[in-house]
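Data first, discussion second: the structure below is written as structure tokens.
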Amino acid sequence: MAVAAIPHGDMVDRMTSLAVEQLRVERNGAIVVDGVGLGVDGGKWCGVIGANGSGKTSLLRAIAGRLPTAAGRLLIDGVDHAGDRAARARRIGFAPPIETLPDALRTRDVLRLAGDTLDAAIERLGPLRSALGIDALIDRTIGTCSAGMRQRVAIACAFAGGHDAVVLDEPFNWLDPVAAYDVRMALRQMVERGLLLVTALHDLATLIAACDQGLLLSDGKAALTIDPADLVAARAAPADFERRMIGLLRGRS
């Protein structure tokens with residue numbers, strides 16, 4: 001079920017809030033996210049960074065209802081949905097992994113499945129429509145798309161349902177530099193209009209330039225909460241921030 005689409009000209013009247021408290025996620029009997037807390041409001045972009053295997057993907061999939069939670073609370077607009085994956089999936093847009101997009105379908109078919117109608121899905125993309133080059137892909141069969149094209153379609157799917165909270169797992173993977181820049185600018189526009197956005201990132205430069213807050217994960221735990229003041233300082237001295245983050249990612253304080 002889709003929710004009301006984000007207006008593309010003005011700020012939304014009521015913005016979504018997300019609060020994660022002492023969240024634990026288990027996969028195949030192993031704890032992959034352990035006691036993580038996170039709070040994000042509408043109109044903010046939170047970047048989640050960490051080494052490979054740090055728990056970024058599991059955290060994002062749990063937030064978006066694609067994985068169950070083992071403990072903790074996950075509140076959307078103050079209501080705890082930790083025990084209700086379907087409710088989380090209804091409230092939060094999520095880009096499917098590109099390898100799961102069905103080869104036999106066209107982009108228009110995939111967007112129609114993700115939204116109510118094709119026209120509604122495309123309208124909800126707002127500035128992403130141009131940034132993703134969706135018009136050029138609309139009649140293309142997924143099986144004939146490159147990895148970068150599939151990534152564009154997957155990102156579009158996350159917004160086709162009109163959610164005002166969206167989770168993206170490393171959205172700039174596979175995109176060429178021009179597309180990555182255009183998509184980042186479009187996402188920033190949507191955040192400024194009220195979108196609540198959480199993205200896993202490998203790129204510290206994107207965290208510094210685009211995000212309002214951040215979270216650094218290490219071995220499934222929150223190693224550092226990065227607040228707005230940290231990012232303001234990072235923009236003034238990016239090399240110092242980078243050295244600090246790399247030290248933490250290597251396990252040094």
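The values are calculated or read from the model by the stated rules, or taken from the named source; none is laboratory data. Model, not experiment: these values are computed from the prediction. Ideal geometry is used to build each Cβ from the backbone, glycine not excepted, and the neighbour counts take in all protein chains shown.
Tallying residues that are assigned to a helix (DSSP H, G or I) and either in contact with a helix residue (DSSP H, G or I) (Cβ under 6 Å, 6 or more places away or on another chain) or of a type outside the set (S, T, Y) (or both) within segment 55-90 yields 12. All conditions in (1) more than 15 Å from the chain's Cα centre (by Cα); (2) at pLDDT 95 or above; (3) closer than 20 Å to A165 by Cβ hold for D116, with the sole exception of (2). None of L216, L197, L168 is outside any helix (DSSP H, G or I), at pLDDT 95 or above, touching a strand residue (DSSP E or B) at 6+ places or on another chain (Cβ under 9 Å) and within 19 Å of T107 (Cβ to Cβ) except L168. With the structure loaded, tell me whether L248 is touching a strand residue (DSSP E or B) at 6+ places or on another chain (Cβ under 7 Å), touching a residue at least 24 places away in the same chain (Cβ under 8 Å) and not in a strand (DSSP E or B) or whether it fails that test. Judged against the criteria, L248 is a match. Can you find a residue that is part of a loop (DSSP other than H, G, I, E, B) and without any contact (Cβ under 8 Å) to a residue 12 or more places away in the chain anywhere in segment 113-129? Yes, because at least one residue in segment 113-129 is part of a loop (DSSP other than H, G, I, E, B) and without any contact (Cβ under 8 Å) to a residue 12 or more places away in the chain. For segment 170-199, which residues satisfy the criterion of being of a type in the set (V, I, T) and crowded, with 21+ Cβ neighbours inside 10 Å? Of everything in segment 170-199, those that are of a type in the set (V, I, T) and crowded, with 21+ Cβ neighbours inside 10 Å turn out to be V183, V198, T199.
Remark: I6 matches the filter, which requires a residue to be at pLDDT below 95 and among the β-branched types (V, I, T). For segment 87-108, the count of residues that are among the polar types (S, T, N, Q), surrounded by fewer than 16 Cβ atoms within 10 Å (Cβ to Cβ) and over 26 Å from G55 (Cβ atoms) is zero.
Can you name the residue in segment 171-194 that is in a loop (DSSP other than H, G, I, E, B) and under 13 Å from the mean Cα position of the chain (by Cα) and, of all such residues, is farthest from A19 (Cα to Cα)? Residue satisfying both the conditions and the ranking: N173. Evaluate the following for V32: is it over 17 Å from V166 (Cβ atoms) and surrounded by fewer than 19 Cβ atoms within 10 Å (Cβ to Cβ)? No, not satisfied.
The number of residues in segment 79-109 that are over 20 Å from the mean Cα position of the chain (by Cα) and touching a residue at least 24 places away in the same chain (Cβ under 8 Å) comes to 7.
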